[in-house]
1. Within the range 204-219, can you find the residues that are part of a loop (DSSP other than H, G, I, E, B) and either surrounded by fewer than 14 Cβ atoms within 10 Å (Cβ to Cβ) or within 16 Å of the ligand (Cβ to nearest atom) (or both)?
2. Among the residues of the range 281-325, write down those that are of a type outside the set (G, A, S), over 13 Å from E269 (Cβ atoms) and at pLDDT below 75.
3. I'm checking my understanding of the structure. Among residues of the range 17-37 that are within 15 Å of the ligand (Cβ to nearest atom) and hydroxyl-bearing (S, T, Y), which one is nearest to T207 (Cα to Cα)?
4. Would you check if T43 is over 26 Å from Y120 (Cα atoms) and within 12 Å of the ligand (Cβ to nearest atom)?
5. Check whether at least one residue in the range 98-111 is closer than 25 Å to P36 by Cβ and charged (D, E, K, R), and report yes or no.
6. When both residues are 6+ apart or on different chains and their Cβ atoms are under 7 Å apart, which pairs have a first residue that lies in the range 18-46 and is within 20 Å of F159 (Cβ to Cβ), and a second that is of a type in the set (S, T, Y) and assigned to a strand (DSSP E or B)?
7. Can you tell me which residue within the range 156-175, out of those that are within 12 Å of the chain's Cα centre (by Cα) and in a loop (DSSP other than H, G, I, E, B), is surrounded by the fewest Cβ atoms within 10 Å (Cβ to Cβ)?
8. Search the range 1-11 for residues being farther than 19 Å from D162 by Cα and in contact with a Ser or Thr (Cβ under 6 Å, 6 or more places away or on another chain), and hand back the single one that is nearest to the ligand (Cβ to nearest atom).
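The values are calculated or read from the model by the stated rules, or taken from the named source; none is laboratory data. Keep in mind that this is a model prediction, so the values were computed, not measured. Cβ: placed from backbone, ideal geometry, glycine included. Neighbour counts: every protein chain shown.
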Amino acid sequence: MVIFNTVTKKYKENIIALEDVSFRIDEGEFCYVVGPSGAGKSTIMRLLIREEVPTSGSIYFNEIEVPKLNRRLLPAYRQKLGVVFQDIKLLNTKTLEENIQFALEILDKSKKEIKDSTDYLLDLVGLRERKNLFPQELSGGEQQRGAIARALANKPDLFIADEPTGNLDSDNAKQILEILKTINKNGTTVMVISHDFNLINGTKNRTINIKDGRLNSDTQPKDIDLNNIVNKKVEVKEEKKVEEPNLEIVKEEKKESKPEKKERELSSEFKSLNKSIKKKFKKFAITEPEILLNITEGDLRNMKLTKKEHKELTSFVKKYLSKKS
Ligand code: ADP
């Protein structure tokens, strides 16, 4: 499912965050990625969600060569991944239930599906009773469980939890791990990133240890064979004569889950914005103002906004937020 092949990532000023890191994670695995702070763990996650691209080496997610993914398809690609961070990202203006519903609404699910999935997810994380509370009315552990429920809404193939137990006491941390294990038993591949070595004490689960940007140890190392993937790439390229063969693979998957036309219609709230910025919104499938509130720094960089567009966007978000509150 995931292949990192001799991946090196250098940031500005030649800071080497990862050096020559290789590993393979198979479908259905539960895997820890551990290492001290600054070791390069989050960089692995950022490369995987394509917030960053490697300086050298290759990264694959289910035969998709991630760094080569066309930016237009990033939203569709990221729907295959569920990600939770330590700094919880529930929308403060919505109740827990609305937060989960919202994640399903932007996926164009039917009313019935939204209700059924929301109930299922609330039960999974043990928060049905708390569904009408706002994030700030929930404890840290509950917020984190809520964020997990929300990130699971799109039924991701891979669930990545970056320091999911970071600010929590040991009971709450245990609860979170139990939920992650349940998700894994239900068929989702899970990757837990943590600097907390207590978490892996006595674990039988696979543990990839990163130290100073290098792979220090892997309790279940797996061979990496890129031959099949490379063949597949060439095949598609020859048949369809497209410049970016991996794109085609994603396009096909995308068609099944969501009609393209709908994705490209912008909310009327964007009416007053300049043409150039609307064009970028279409390109990046930012169809609703709420999506703007959830995009990451990396997305913003990818959008390559001009100074003028940046200013316009900032003032739009400010106005939008003041209108909401
Ligand atoms: P971890 O998640 O293990 O704490 P990170 O992947 O966040 O480690 O960081 C690895 C190294 O890369 C650190 O030295 C960090 O300071 C550096 N780093 C991370 N992000 C950036 C960035 N955007 N620009 C420059 N250096 C960065």
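1. Kept after step one, since they are part of a loop (DSSP other than H, G, I, E, B), are these residues of the range 204-219: 204-205, 212-213, 219.
Within the range 204-219, K204, D212, G213 qualify.
2. K283, F284, N294, I295, T296, E297, D299, L300, R301, N302
3. Y32
4. Working: over 26 Å from Y120 (Cα atoms): yes; within 12 Å of the ligand (Cβ to nearest atom): yes.
In short, yes.
5. Going residue by residue through the range 98-111, those that are closer than 25 Å to P36 by Cβ are none.
No, the range 98-111 contains no residue that is closer than 25 Å to P36 by Cβ and charged (D, E, K, R).
6. Partner pairs satisfying both residue conditions: I25/T189; E27/T189; G28/T189; E29/T189; Y32/S194; Y32/T207; V34/S194; V34/T207.
7. So in the range 156-175, the residues within 12 Å of the chain's Cα centre (by Cα) come out as 156-162.
Filter once more, so that each one left must be in a loop (DSSP other than H, G, I, E, B): 156-157.
Details: P156: 19, D157: 17.
Selected residue: D157.
8. In the first step, residues of the range 1-11 are kept if they are farther than 19 Å from D162 by Cα; the result is 5-8, 10-11.
Still in the list and also in contact with a Ser or Thr (Cβ under 6 Å, 6 or more places away or on another chain): 5-6, 8, 10.
On the way: N5: 18, T6: 17, T8: 12, K10: 9 Å.
The residue in question is K10.
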